[in-house]
Amino acid sequence: MNQTLAMAGFALAASITPGPVNLVALSCGARYGARAGMRHVGGASAGFTLLLLLTGLGLEQTLRQWPALTQTLRWAGVTFLLYMAYQLARSDGTLDMDKNGARPSWWRGAAIQCLNPKAWIAALAGCAAFTSGQDATALWRFAALYFLICYVSVGCWVVAGAWLGQKLESPRRLRLFNQTMALLLGLSALGLLN
């Protein structure tokens, strides 16, 4: 039971704190509402859980053997996050729900999580702390627990964004909000290079 509580605390701390996935979730909620934003939440939660499972099943050893692969993944992730920030920054501030380009999607949520350097660090640290040298049951328990906590945590950011979206009624305010989120996302991505 103590290990399960420690796993839950780690998952909550890593999932609910500000980071690229949560900033995108906040923006999705503000721009498209909570219901549409939940597609991002589902994809982000599934994407991280897959990353956690792969890490626990041996990806960590592969990355240690091939440090260049780790750097390539880091740069790919930062590039993807900067692209997302650029897309957000160039938004015109209208709430056109029929736009296809940047609508929240399950696949985009999963991709951002799999390319997010913060997620890689959390997966590696979590597996090292809670599943190394243990039976596979600990890994599966950690993954299931993490999925639920990640879903609720990222979902909170979408709901907060939806609430903010109601307050940002004018295109000018929404454009300013999107540009602020883009700046924070860009800074967050660049901060992951250290």
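Coordinate-derived values only; no laboratory data. Keep in mind that what you see is a predicted model, and the values were worked out from it rather than measured. Positions of Cβ are backbone-derived with ideal geometry, glycine not excepted, and every protein chain shown enters the neighbour counts.
Structure remark: mean-square fluctuation, Gaussian network model of the chain, C-alpha springs under 10 Å; the largest value among Tyr32, Tyr83, Tyr146 belongs to Tyr83. For the chain, adding -39500 (n - 2.57) for each run of n ≥ 4 DSSP H residues and dividing by the number of residues yields -26500 deg cm²/dmol at 222 nm.
Taking the C-alpha atoms only, the angle from helix 34-54 to the longest principal axis of the chain is near 20 degrees. For the chain, take the longest principal axis of its alpha carbons; what is the angle in degrees between that and the long axis of helix 171-191, to the nearest 10 within 0 to 90? Rounded to the nearest ten degrees, it is 30. Across Ala182, Ala85, Ala36, mean-square fluctuation computed from a Gaussian network of the chain (C-alpha pairs under 10 Å connected) peaks at Ala36. Using a Gaussian network model of the chain in which every pair of alpha carbons under 10 angstrom is joined by a spring, one finds that among Leu51, Leu69, Leu139 the greatest mean-square fluctuation is at Leu69.
Taking Cβ atoms as reference points and 12 Å as the exclusive limit, the residues near Leu193 contribute a net charge of +2, counting Lys and Arg as +1 and Asp and Glu as -1. Once the trypsin sites (Lys or Arg not before Pro) in DSSP loops with at most 14 neighbouring Cβ atoms within 10 Å are cut out of the chain, the longest remaining piece is 100-194. Under a 5 Å amide H cut-off, with hydrogens placed 1.01 Å from N, Ser105 pairs with His40 among residues at least 5 apart or on other chains.
With respect to the chain, whose longest principal axis is taken over its alpha-carbon atoms, helix 117-130 is tilted by about 30°.
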